[in-house]
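Chemist: Sharing a structure, written as structure tokens. Questions coming.
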Amino acid sequence: MSEVRGEPGSGTEAGARFFCTAGRGLEPFLMREVRARLAATEVEYISGKVFFTTCSDLNMLKKLKSAERLFLLIKKQFPLISSVSKGKLLNEMQRLINEDPGSWLNAISIWKNLLELDAKKEKLSQRDDNQLKRKVGENEIIIAKKLKIEQMQKIEENRDCQLEKQIEEETLEQRDFTTKSENFQEEEFRNDIEKAIDTHNQKDLTFRVSCRCSGTIGKAFTAQEVGRVIGIAIMKHFGWKADLRNPKLEVIFIHLNDVYSVVGIPVFRVPLASRAYIKTAGLRSTIAWAMASLADIKAGAFVLDPMCGLGTILLEAAKEWPDVYYVGADVSDSQLLGTWDNLKAAGLEDKIELLKVSVIELPLPSESVDIIISDIPFGKKFKLGKDIKSILQEMERVLHVGGTIVLLLSEDHHRRLTDCKESSIPLNSKDSHTDEPGIKKCLSPEEKTGASKIVSTSFEARNHEFLDRMSPFGSLVPVECYKVSLGKTDAFICKYEKSHSSGL
């Protein structure tokens, strides 16, 4: 059964089916974002991936901030039967192509339409810019010549008529040249579109395959072996040519494990998580954006990161919510220099103020800050220990009543703040809070079998049960908590609100 329905940008109501990869624990942030930013429907997830349908164009898809990479979905189905022999398993892999070739051809058409529409919009935008420049240039010429006329009138009034006639003739010539130029550009543009449409001939398509294999299949085959099998099947079935260096179709992405089989086409060569405006990377950009989004930043707010490091959180926040007063503080000169380089690269020097101060001695009045967002350092290099409470007390002091704190905490920091040892920390994936009411989770993601289902466990009930076990610290009341992956280690994104003045 094809997972691709309709053509993005073609005006169909169904739209196209996409999926994004996401860091473990960030699925709920990505699900909210695609709904809000792309008006996405049929939103569902499996661990590390979020599936959705949207009619959005490439310009809107590029704006996703909590995703790692974006793919156009070709297939999503049950896992391959790993209990059979290697020969039968290879046949199962080939069936990914042979069983439903229509889904592949439809996906390729939609992929090309996306690129063509994007190219068309870019050319139209450039043409509009050129037209504006030409009009400005024409106006400047006319104004300059009119001034010249006025000057000449004072000297030789008898030559007024001749000069005016000359100006009029020159202007008409310029307009005629502009019209011819625009017509030529439009003709060239139409030719370019026709050439792009001609590439729908599938025989001219070149491709390469990227595979990820885990679980039982990963033990039986390497990713290279699977890629070779899939590549040969594609060449035989469709007549496309493999090109590992410079393919027209950058990658056909295939992920096989014990839970699902997913096939897709990457929409962009560069991952969404790679921010062009960040010169020196610190905290993962997707984590930083998720923290900022959880803070519910509003225009005019005073947002503080008292341990800003390289300023990734503030950069992500300022790019998304610019009409805010941001302050970053740190005790390290090298970190602040790195932050400043990032601010200049992002063009945000006037949006974020930097201070060299200690987090436990902030030079700010009590209850003067609306929002605090911070990555509390941890690891072998940073051994804060009991200092975590001193840090939180100072943050609590400067935060006004009703204000919000969003922190990234290690498991040890989180344990210390909850004052409850291991029992209060959800160490398994079920407690990572990736479920939301009304959001579908595709545990066995085959649409035709009805395996996509609403998760029965209530997100709010589990979240409140978990938060009830957390001991409130001072006036800060825990609101939300998400367990997320930082690669080699896990951490918690925790949101607190200040319920009353610190002195009460």
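The values are calculated or read from the model by the stated rules, or taken from the named source; none is laboratory data. These numbers were taken from a predicted model, which means no experiment stands behind them. Counting neighbours? That spans all protein chains shown, and the Cβs are built from the backbone with ideal geometry, glycine included. Remember, those area values only see protein heavy atoms, side chains included, never the ligands or the DNA or RNA. Shrake-Rupley method; radii C 1.70, N 1.55, O 1.52, S 1.80 Å.
Chemist: Which order do you get for R245, R416 if you rank them by accessible area with a 1.4 Å probe, largest at the top?
Modeler: R245, R416
Chemist: In addition: Leaving ligands and nucleic acids out of the surface, order K351, K76, K356 by accessible area at 1.4 Å, largest first.
Modeler: Ranking K351, K76, K356 by accessible area, largest first, yields K356, K351, K76.
Chemist: What number comes out for the charge environment of L64, summing +1 per Lys or Arg and -1 per Asp or Glu over other residues with Cβ under 9 Å away?
Modeler: Combined, the nearby Lys, Arg, Asp and Glu give +3.
Chemist: Can you give the accessible area of K241, probe radius 1.4 Å, in Å² rounded to 10?
Modeler: 130
Chemist: Can I ask one more? How much solvent-accessible surface does V357 expose, in Å² to the nearest 10, with a 1.4 Å probe and all protein chains in place?
Modeler: In the full protein context, V357 sits at about 30 Å².
Chemist: When only the heavy atoms of the protein chains count and the probe is 1.4 Å, how do E497, E411 rank by accessible area, highest first?
Modeler: E497, E411
Chemist: Here's a follow-up. Would you mind giving the average projected area, over all directions, of the Cα convex hull of the range 320-366 in nm² with one decimal?
Modeler: Orientation-averaged projected area of the Cα hull: 3.9 nm².
Chemist: What does the highest-first list of 212-224, 309-321, 326-338 look like by mean Cβ count within 10 Å?
Modeler: Going by the mean number of other Cβ atoms within 10 Å, highest first, we get 309-321, 326-338, 212-224.
Chemist: A further question follows. Using only protein heavy atoms and a 1.4 Å probe, report how much of M395 is accessible, in Å² to the nearest 10.
Modeler: Accessible surface of M395 is approximately 0 Å².
Chemist: Convert 20 °C to kelvin, take the viscosity as 1.002 mPa s, use the Kirkwood radius over C-alpha pairs of the range 195-342 as Rh, and evaluate the Stokes-Einstein diffusion coefficient in µm²/s, rounded to a whole number.
Modeler: Here the translational diffusion coefficient equals 112 µm²/s.
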